[in-house]
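Input: a single structure, listed below in structure tokens.
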Amino acid sequence: MANERMNRRRNRHMDRRMERRIETAIVHAAPDRTEELRAACRQNTGGASLRQTGAEKGRTPRRFRPAAFAAAAAALILCVGALGFMIWRSANAVESRIMLDVNPSLSITVNARERVIDVTALNADAQAIVGSMDLKGTQLEVAVNALVGSMLQNGYLGELQNAILVSVENNDAAKSAELQARITASINGLFPSSTLEPAVLSQTVAESDDLTALAQQYGISEGKAALIRALIAQDATLSFDTLAPLGVNEITLIADSRGLTAEEVTRTGTASQKAYIGEEQAKAAACAHAGVTQEQVSFSTTELDCEAGLFVYEIEFIVDQTEYDYDIDARTGAVVKYSSETYGEAQSSAAGNAAYIGEAQARAAAFAHAGVSASDATAVQAKLDIDDGQAKYEIVFFVGTTEYDYDIDARTGAVLKAERETYSSPAGGASPDSGSSGSASSASGYIGEDRARSIALEHAGVAASEASGITVKLDRDDGRVEYEVKFLAGTSSYDYEIDATTGAICKAEREEKGGSAGSSGSSSGSSSSGSSSSDYIGESRAKSIALGHAGVSASEASGMRVKLERDNGRMEYEVEFSVGRREYEYEIDAVTGKILKADSEIDD
């Protein structure tokens, strides 16, 4: 009984405390209208004051006032709701976006406290990385560690592929730089330094409609799109179609082999080449196939490239008056494609190769003519070439936003051609403001890949839906920038060269696979060779020479095609055939039987 009484007293006490709290809240929430009521009473009583007697004062009733209570409750709900909304908005307002690219492309958004709001997989590889992980609400560095760890576990990062691109988007430049440095350090800490060193590329990117469109088109992040765009601005032979499907490791290796740099990108570590044979082995494979020693080679260029999804070393070199061009499989060392072309009569190496001034002297001649120092030049490219029997060094370099293009005589060092083109920005987004002895147009003056493709298809009378295997490549030929457009339609193969500035068709060729070929728009020389048709070796002999050089028998060859043509005043037999998936193309001097050109590549 005593316990029950104590409980009842306790409950009454708690009820009274609760009533007092509610009353206090109501008093503070409801407006104080005491003076207003007293004034009204004075009016009704003729000005007499309303006073409370002592007894009345002692009997202040506690009445529950529903209107005041409702007002207090509403105010309390509004306060709690506003506070909740502020907390929700703070937690879900995007402060920074961090993009990670290996080949998986991921986007992480975080709030001001660096708590993860969302993780978005931008391609199928990234979906496999995220898997069932729910990273919302976790700290940024915890999320980065989890995602990079998943890439390591799933084989996207390792000894063969160790490059990762970190892109930060934040309106505060200082905050972006601090995030870049911190995330780079965090990623470096995930790799066991004794066995594997990562190559971390980091950059700050600004929100851009153009970058967003490119990223969505190719299923990559805006960060990767920015990196690719910066490289294409320096080397127009590269394209989004080629680079976007590649991992950051491959893109980095291609850029390194061509001397390309992105100024906005900082980098730690070196991209792994362990999956590839290396330049020296690739050169050795090309020389062995050509039947020459590396000591005989006067000059060679080696670049990494991707052809139809295959990573290759592109190797060019000259021995005497013969120019060789090879594509070597970067993983296996197999010869994927090769060609050789001889100009005039070969000279002895003593009289030929030794007489060349050398790449260093050719570069110096170009720098001197341009009035710049070697330290000012970036993205310098040098190539020994033979044009109409004359050996020359083709030198291309940048100084700031100005591109210089030189041809230097390989024997005398004389300047054969000098072109200068200045862009309003490093990306080449505006017309040139100056130039000399050339008519090159800026990137913005080019008609674009889509227009070049349309011109070629329209000329061929082929609908886009009927064409397959379309490739478009921007290239420079004899000082003119052209789009090389190739495609298949039915049993025909088409090859076009479209002027990049005017859209004019410079060359148009069509070939029926296994049948006769037709061509238009391709000019040939008009001077007499001084020989009659009776002096020609004949188609049969030309075929034998080509088959003998290729090391195959007539029974093994299919789709044999032989055509007599005039090129630069010389009569030649063009011989083409296939052995399995490998295609061969030869040019044979119609009088002497000498092999002027030999091409071989695997048809994909």
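The values are calculated or read from the model by the stated rules, or taken from the named source; none is laboratory data. Just so it is clear, the structure is predicted and the values come from calculations on it, not from any experiment. Every residue, glycine among them, receives a Cβ derived from its backbone with ideal geometry; neighbour counts consider all protein chains shown. All accessible areas refer to the heavy atoms of the entire protein, side chains included, with ligands and DNA or RNA removed. Shrake-Rupley method; radii C 1.70, N 1.55, O 1.52, S 1.80 Å.
Observations on the model:
- Selection within the range 383-396 - open to solvent by less than 50 Å² (accessible area, probe 1.4 Å), part of a strand (DSSP E or B) and not charged (D, E, K, R): 384, 386, 391, 393, 395, 396
- Test result for residue 544, buried (at least 16 other Cβ atoms within 10 Å of the Cβ) and modelled with pLDDT under 60: no
- Among residues of the range 139-194, those that are open to solvent by less than 50 Å² (accessible area, probe 1.4 Å) and either among the aliphatic types (A, V, I, L, M) or part of a loop (DSSP other than H, G, I, E, B) (or both), counted: 21
- Count - residues of the range 204-233 that are in contact (Cβ under 8 Å) with a residue 40 or more places away in the chain and crowded, with 22+ Cβ neighbours inside 10 Å: 8
- Condition met for residue 522 (open to solvent by less than 70 Å² (accessible area, probe 1.4 Å) and modelled with pLDDT of 85 or more): no
- Scanning the range 178-207 for residues that are under 22 Å from the mean Cα position of the chain (by Cα) and farther than 18 Å from residue 248 by Cβ turns up 206, 207.
- Residue 225 at pLDDT 90 or above, part of a loop (DSSP other than H, G, I, E, B), within 17 Å of the chain's Cα centre (by Cα) and more than 26 Å from residue 410 (Cα to Cα): no
- Breaking point among (1) in contact with a Ser or Thr (Cβ under 9 Å, 6 or more places away or on another chain); (2) assigned to a helix (DSSP H, G or I); (3) more than 23 Å from residue 469 (Cα to Cα); (4) not hydroxyl-bearing (Ser, Thr, Tyr), for residue 232: (3)
- The set of residues in the range 276-318 that are out of contact with any strand residue (DSSP E or B) (no Cβ under 9 Å at 6 or more places or on another chain) and open to solvent by less than 60 Å² (accessible area, probe 1.4 Å) contains only 284.
- When 345, 421 are checked against the criterion of being in contact with a Pro (Cβ under 7 Å, 6 or more places away or on another chain), at pLDDT below 85 and not in a helix (DSSP H, G or I), a single residue qualifies: 421.
- The residues in the range 553-593 that are loosely packed, with under 15 Cβ neighbours inside 10 Å and outside any strand (DSSP E or B) can be counted, and the count is 9.
- Residue within the range 487-505 that is modelled with pLDDT under 60, surrounded by 15 or more Cβ atoms within 10 Å (Cβ to Cβ) and part of a loop (DSSP other than H, G, I, E, B) present: no
- The range 364-382, residues that are under 16 Å from residue 408 (Cβ atoms), assigned to a loop (DSSP other than H, G, I, E, B) and open to solvent by less than 60 Å² (accessible area, probe 1.4 Å): 372, 377
Each row is one residue, and each column tells you yes or no for (1) modelled with pLDDT of 90 or more; (2) among the β-branched types (Val, Ile, Thr); (3) in contact with an Asp or Glu (Cβ under 6 Å, 6 or more places away or on another chain).
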{"site": "248", "(1), (2), (3)": "yes, yes, yes"}
{"site": "272", "(1), (2), (3)": "yes, no, no"}
{"site": "276", "(1), (2), (3)": "yes, no, no"}
{"site": "281", "(1), (2), (3)": "yes, no, no"}
{"site": "286", "(1), (2), (3)": "yes, no, no"}
{"site": "296", "(1), (2), (3)": "no, no, no"}
{"site": "303", "(1), (2), (3)": "no, no, yes"}
{"site": "306", "(1), (2), (3)": "no, no, no"}
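- Count of the range 117-127 residues, restricted to those that are farther than 10 Å from residue 106 by Cα and modelled with pLDDT of 90 or more, is 2.
- Restricting the range 235-263 to residues that are of a type in the set (Asp, Glu) and in a loop (DSSP other than H, G, I, E, B), the residue that is farthest from residue 280 (Cα to Cα): 263
- Pair list, Cβ < 8 Å and 6+ apart or interchain, from the range 126-145 residues that are more than 21 Å from residue 184 (Cα to Cα) to residues that are part of a helix (DSSP H, G or I) and among the hydroxyl-bearing types (Ser, Thr, Tyr): 131/150; 133/150
- Residue 399 modelled with pLDDT under 85, under 21 Å from residue 420 (Cβ atoms), open to solvent by less than 60 Å² (accessible area, probe 1.4 Å) and not aromatic (Phe, Trp, Tyr): yes
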